[in-house]
Amino acid sequence: MLIRSRRLRTTPAVRDLVAETDLLPRHLVQGHFIQPREGATEIPSLPGITRNGIQETLRQVEADLKLGIRAALLFGVPERAEKSADAAAAYAEAGLVPRAVKALKEAFGQDLVLMTDVCLCAYTDTGHCGLNHGAEIVNDESVAVLARMAVAHARAGADVVAPSDMMDGRIRAMREALEAAGLPNTAILSYAIKHAGAFYGPFRDAADSSPKFGDRRSYQMDPRNAREGLRDALLDLDEGADALLVKPALPNLDLVWRLREQAPCPIAAYHVSSEYSMVKAAARNGWVDEAALFREHLLAIRRAGADCIVTYAAREALREHWI
Ligand code: PBG
């Protein structure tokens, strides 16, 4: 036989020599849920992840840094009493996320790439990602609030703000607000392609952010569409985004790949809550090897073209033998 592909598969050393993709700690971003109370609260649908007070978050980030995880994405989970029609707690300068950002930056400085999720869903009384007039989620008023939120996070010291709300025009508004506030160095990681659907259930338990009426289909993308997402993503780049994110990751590897080819910027993918919880649930039944399966998930996302991956599974994937 002239061609025997197995020649280059014979030993670990030769397999390593010809491996096309790496999955390294530097590629991973750990998601964190921040609560006002100190200590940790279990999230039943997201086993192994807790909502943490600021001190506990400091401890977790320190442990993650020892594993080589150098990027963190923060989600604020305010008290129910703080939720309101105008989502004012989302942009309070002394709010939960700005306080957490300050504490983390004081403790870890440049060792940590600190990102914050910018969205109103944990702060509105409706659980929607924007403000509402009756049943309508209004765009431009929401964008103004989101821009204030991004500035509050950046002023506290966030390296990267990551808008996940899916309103139109938010990237330009945020970029202009950051420039006007004298914060030109804060990067924007846009959740550019974010599909609506069932993949975010455990997250909404964690962040207490389920919509109280309707669903998110009037602002998040229709999962039947790909070209629409590519157009939106390229627009975000023109509006001043520094990097683009695709979410959920595994159902959208086609879009990760196409964006990799078409957008000249770093591409991130979000391995979302139910991608994590499905593996956890199967592992609890003894049906799958959790660490191995997580590594295969993350490797597939890397092979599709993601430079970095937001995931809840970073610690598990790093626990045993690393590929
Ligand atoms: C906020 C936001 C969501 C996620 C990230 N940012 C929830 C949603 O859009 O309903 C989901 C992440 C996950 O499922 O892990 N809008």
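The values are calculated or read from the model by the stated rules, or taken from the named source; none is laboratory data. Bear in mind that the values here come from a model prediction, so they are computed numbers and not experimental data. Every residue, glycine among them, receives a Cβ derived from its backbone with ideal geometry; neighbour counts consider all protein chains shown.
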Segments classed as strands (runs of 3 or more DSSP E), wholly inside segment 165-277, with at least 1 members that are of a type in the set (S, T, N, Q): 187-194
Return the residues of segment 266-285 that are away from the ligand (no atom under 16 Å from the Cβ) and surrounded by 15 or more Cβ atoms within 10 Å (Cβ to Cβ); say none if nothing qualifies. Pro266, Ile267, Ala283
Keeping to segment 100-122, report how many residues are in contact (Cβ under 8 Å) with a residue 24 or more places away in the chain and of a type in the set (S, T, N, Q). 1
Yes/no for Val246 being within 16 Å of the ligand (Cβ to nearest atom), at negative phi and under 16 Å from the mean Cα position of the chain (by Cα): yes
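Here's the yes/no breakdown for (1) farther than 26 Å from Ala269 by Cα; (2) touching a strand residue (DSSP E or B) at 6+ places or on another chain (Cβ under 6 Å); (3) modelled with pLDDT under 95:
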position: Arg15; (1), (2), (3): yes, no, no
position: Thr21; (1), (2), (3): no, no, no
position: Pro36; (1), (2), (3): yes, no, no
position: Leu46; (1), (2), (3): no, no, no
position: Thr57; (1), (2), (3): no, yes, no
position: Val77; (1), (2), (3): no, yes, no
Close pairs (6 angstrom Cβ cut-off, 6 or more residues apart or separate chains): under 17 Å from Pro163 (Cα atoms) in segment 85-99, assigned to a helix (DSSP H, G or I) and among the basic types (Lys, Arg) anywhere: Tyr91/Arg148
Residues satisfying the stated conditions in segment 1-38, i.e. β-branched (Val, Ile, Thr) and either touching a residue at least 24 places away in the same chain (Cβ under 8 Å) or part of a strand (DSSP E or B) (or both): Thr21, Val29, Ile34
Quick one: how many residues across segment 108-131 are touching a Ser or Thr at 6+ places or on another chain (Cβ under 9 Å) and more than 15 Å from the ligand (Cβ to nearest atom)? 1
Exclusive hit being in contact (Cβ under 8 Å) with a residue 60 or more places away in the chain, away from the ligand (no atom under 15 Å from the Cβ) and within 24 Å of Val113 (Cβ to Cβ), set Ala173, Ala152, Ala162: Ala152
